[in-house]
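Take a look at the structure set out below.
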């Protein structure tokens, strides 16, 4: 069972379940046993467990438990990210870990949101593609940067006048 002692499950759907249903919620979250094994452990049939899993209150209890259990993992995850940012052998891993910490804290290299940063990266790539295309065009015209456009004026050729 995940240690969720620092949180409370006393006021929600989980608290309203009987002991067998609570145990089933925990075992389903841990995902180490089959439904058949879980049903046996809570002294119910596989069919009964299947009915519980369809029940709205049971599903809400599962969501509550999952949320609290995952919240309990956050401190360890942050510690691991910090450890990687200072002790990883790979410079890229250290950089990514440090960036993750800064992003989680609401900082970024330029003070922008991650979405704005993605937009800027897309724009920079598009600008680079345009610059590359321009260089290719200039090199195919002789490299002098001069482009000659021939425009038919007034719809009349010189030969017609």
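FYI, it's all coordinate maths here, none of it is from the lab. Computed from a predicted structure; not experimentally measured. Note that we place each Cβ from the backbone using ideal geometry, even for glycine, and neighbour counts take in every protein chain shown.
Normalised by residue count, the stretch 1-93 yields a Cα convex hull volume of 121 Å³ per residue. Modelled spin-label separation between residue 31 and residue 99, with each label point placed 7 Å from Cα along the Cα-to-Cβ direction: 2.7 nm.
Judged by the ratio a/c of the largest to the smallest principal axis of the C-alpha gyration tensor, the stretch 44-117 counts as prolate, that ratio being 1.5 or greater while a/b is larger than b/c.
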